[in-house]
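Let me begin by presenting the structure, written as structure tokens, before commenting on it.
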Amino acid sequence: MFLVGLTGGIASGKSTVVSILRELGCAVIDADLIARQVVRLGTPAYSQIVQHFGDGVLLVSGELDREKLGAIIFSDPEKRCVINSITHPQIRREMLRQTLWYFFLGYRYVILDIPLLFESRSMTRYMKHTMLVYCDPQTQLERLMRRNSLSRDEATKRIAAQLPLDSKLPLADHVIDNSGDRDNTRRQVLQLHARLESSLAYLPVRITAATVATGLVVLACGLLRRLWQ
Ligand SMILES: Nc1ncnc2c1ncn2[C@@H]1O[C@H](COP(=O)(O)OP(=O)(O)OP(=O)(O)O)[C@@H](O)[C@H]1O
């Protein structure tokens, strides 16, 4: 098995591409969803964040106020480090757990949907391939304005808060250009999926796992035989 990191920019079409991949039966791990799950009420990360930042970051329901936390992360690098040091290990652990699950289910490759893959850098080393969901700046702006009912100015500000999509192009192994219609995007996704499915890159991990498993079985059999003698 091998890992494929999927990324893009705000409103570039990541969810659209992920839903096509899921329709094709691909294994997709959603980093954003995991990031929300690890800070749910009652989780260890939730308790640590409340301990550190106080009740001021809570909603009346007792859940974390994600907007407030987002503002802290955005404006204060030191506090951002604290929040990351609390949440990142939990997020990685859950990603690893899901990856292993898909490995045991026999998937050849697993897609990790990580919106800030290239910004955070630490995850790229685990990816055999990276996939960028791209769309041209004008289309990105129009889609963001339409989807979030934003003015041109507001949408421009949100896009400017991220690395420009064009600067991510040279970092990606594969680019899905989502500037056109959905059928066009679907065709590109089908092509890439076929390429990844036919790749033999999944073999080394499978062979290593099979060798280790065989070794463990032989060892266990040897030990049992000794115990019986
Ligand atoms: N090829 C396309 N043609 C027309 N509209 C599209 C196309 N791809 C995506 N859209 C629309 O553009 C908007 C953004 O797409 P999507 O939600 O997939 O992007 P995203 O990268 O997941 O966004 P974000 O990370 O900001 O949540 C949505 O309203 C979606 O319906």
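The values are calculated or read from the model by the stated rules, or taken from the named source; none is laboratory data. Remember, predicted model here, so these are calculated numbers, not experimental data. As a convention, Cβ positions derive from the backbone with ideal geometry for all residues, glycine included, and neighbour counts pool all protein chains shown. Each accessible area value is taken on the protein alone, full model and side chains, heavy atoms only, with ligands, DNA and RNA left out. Shrake-Rupley method; radii C 1.70, N 1.55, O 1.52, S 1.80 Å.
Here are some notes:
A quick yes/no check of all residues on (1) within 12 Å of the ligand (Cβ to nearest atom); (2) touching a Leu at 6+ places or on another chain (Cβ under 6 Å):
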{"position": "162", "(1), (2)": "yes, no"}
{"position": "188", "(1), (2)": "yes, no"}
{"position": "193", "(1), (2)": "no, yes"}
{"position": "207", "(1), (2)": "no, no"}
{"position": "213", "(1), (2)": "no, no"}
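- Residues of the stretch 177-208 satisfying the condition of being more than 17 Å from residue 1 (Cβ to Cβ), charged (D, E, K, R) and over 21 Å from the mean Cα position of the chain (by Cα): 181, 182, 183, 187
- Among (1) within 14 Å of the ligand (Cβ to nearest atom); (2) touching a residue at least 60 places away in the same chain (Cβ under 8 Å); (3) out of contact with any helix residue (DSSP H, G or I) (no Cβ under 9 Å at 6 or more places or on another chain), the one test that residue 102 misses: (1)
- Filter pass, residue 167 being in a loop (DSSP other than H, G, I, E, B), surrounded by fewer than 16 Cβ atoms within 10 Å (Cβ to Cβ), more than 10 Å from the ligand (Cβ to nearest atom) and within 22 Å of the chain's Cα centre (by Cα): no
- Taken over the stretch 121-135, the criterion of being hydrophobic (A, V, I, L, M, F, W, C) and part of a loop (DSSP other than H, G, I, E, B) is satisfied by 123, 127, 135.
- Residue within the stretch 36-48 that is in contact with a Gly (Cβ under 9 Å, 6 or more places away or on another chain), of a type in the set (A, V, I, L, M) and not assigned by the TED database to the domain that holds residue 189 present: yes
- Test: residue in the stretch 69-90 that is of a type in the set (Lys, Arg), more than 11 Å from the chain's Cα centre (by Cα) and not assigned by the TED database to the domain that holds residue 158: yes
- Residue in the stretch 129-167 that is farthest from residue 177 (Cα to Cα), counting only those that are out of contact with any helix residue (DSSP H, G or I) (no Cβ under 9 Å at 6 or more places or on another chain) and at pLDDT below 95: 157
- Some residue of the stretch 138-158 being assigned to a loop (DSSP other than H, G, I, E, B), open to solvent by 60 Å² or more (accessible area, probe 1.4 Å) and farther than 28 Å from residue 74 by Cβ: no
- Those residues of the stretch 174-186 which are more than 6 Å from the ligand (Cβ to nearest atom) and assigned to a helix (DSSP H, G or I), in sequence order: 183, 184, 186
- Helices (runs of 4 or more DSSP H) lying entirely in the stretch 1-117 (those with 2 or more residues that are in contact with a strand residue (DSSP E or B) (Cβ under 9 Å, 6 or more places away or on another chain), open to solvent by less than 80 Å² (accessible area, probe 1.4 Å) and under 30 Å from residue 208 (Cα atoms)): 14-23, 77-105
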